[in-house]
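Notes for the one structure printed next.
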Amino acid sequence: NHNKPVAPNVLNRRFDGWQVNEAWVGDITYVETGEGWLYLACIMDLASRRIVGWSMSERMQADLVCQALKSAYGLRKPSEGLLMHTDRGSQYASDRHRQLLKSYKMIQSMSRRGNCWDNAAMESFFKTLKVERIYLLRYETRDLAKLDIVDWIEGFYNQKRLHSSIDYKAPVDAESSLLAA
């Protein structure tokens, strides 16, 4: 519940058929630690299902999603017109996040109210992360959780984990194939 502007659902559940750096999706999840919650914001490139940006914090504020977007943009340097899709959360509707998208010349897209299926690719990633990694461990500190999560994303998920949605390739391999085509 916020009074910020809500962008139209431009993505409209089109999760396939994109080229690299044409459409990204983002979302936030939480991780339990011995010190309290750790919030994780991630950005995925829909073409390859690669996680291209992330940020973690003990607070779920606009800075969390802005840092994830800055991370992705700094790594990828996409052309203007990239579609950036998220839910309608106050962090994504914030003035700071909308200004950042504008400065990067990105098109903002938001899910329909209360509809997790509109961001199914990102929801699927978080389910995979939690089932295959987080739920198997007990993080005593936020710092240990951060190290483990980054290691899992970069060392396993992006590099090795096979996906049926990208012809049973790992995200980096799917991306290489798309860029070579």
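The values are calculated or read from the model by the stated rules, or taken from the named source; none is laboratory data. Note that this is a predicted model, so its numbers are computed, not measured. Virtual Cβ from ideal backbone geometry, glycine too; neighbours counted across all protein chains shown. Note: accessible area is taken over every heavy atom of the protein model, side chains too, but ligands, DNA and RNA are not part of it. Shrake-Rupley method; radii C 1.70, N 1.55, O 1.52, S 1.80 Å.
At most 13 other Cβ atoms within 10 Å and a DSSP loop assignment: could you name the chymotrypsin sites (Phe, Trp or Tyr not before Pro) in segment 1-91 that fit?
Here no loop site has a sparse enough neighbourhood.
Please give the FRET efficiency for Phe156 paired with Asn3, using the beta carbon to beta carbon distance and R0 = 41 Å, rounded to the nearest 0.05.
Efficiency, from the Cβ-Cβ distance: 0.50.
Going by the alpha-carbon gyration tensor, a ≥ b ≥ c the square roots of its eigenvalues, is the chain rounded (a/c under 1.5) or, if a/c is not under 1.5, prolate (a/b greater than b/c) versus oblate?
Here the chain falls in the oblate category.
Quick check on segment 9-94: take the gyration tensor over C-alpha atoms, sort the square-rooted eigenvalues as a ≥ b ≥ c, and tell me if it's rounded (a/c under 1.5), prolate or oblate.
Prolate shape, in that a/c is at least 1.5 and a/b is the bigger ratio.
Quick one: how many Å² of Ile166 are accessible to a 1.4 Å probe, rounded to 10?
In the full protein context, Ile166 sits at about 10 Å².
Find the accessible area per residue for the chain; the probe is 1.4 Å, ligands and nucleic acids are left out, and the unit is Å².
On a per-residue basis, the chain sits at 52 Å².
If the chain between Asp16 and Ser164 were fully stretched, how many nm would it gain, using 0.36 nm times the residue separation less the Cα-Cα distance?
Length difference between fully extended and current span is 52.1 nm.
Using a Förster radius of 22 Å, what is the FRET efficiency between Glu32 and Cys116 based on their Cβ-Cβ separation? Nearest 0.05, please.
The computed FRET efficiency comes out at 0.60.
Do the sum for the chain: with -39,500 (n - 2.57) for every DSSP H run of n ≥ 4, divided by all residues, what is the mean residue ellipticity at 222 nm, to the nearest 500 deg cm²/dmol?
Taken over the chain, the calculation gives -10000 deg cm²/dmol.
Carbon-plus-sulfur fraction of the accessible area of segment 37-181, 1.4 Å probe, in percent?
50
Would you please name the trypsin sites (Lys or Arg not before Pro) within segment 1-62 that are DSSP coil residues with at most 11 other C-beta atoms within 10 Å of their C-beta?
Sites meeting the loop and neighbour criteria: Arg59.
Which of the pairs Lys4/Lys169; Lys102/Lys160; Lys127/Lys169 have their Cα atoms more than 30 Å apart in this structure?
Flagged as over cut-off: Lys4/Lys169; Lys102/Lys160.
Taking 0.36 nm per residue of separation and subtracting the Cα-Cα distance, what length does fully extending Leu75 through Thr128 add?
Here the answer is 16.7 nm.
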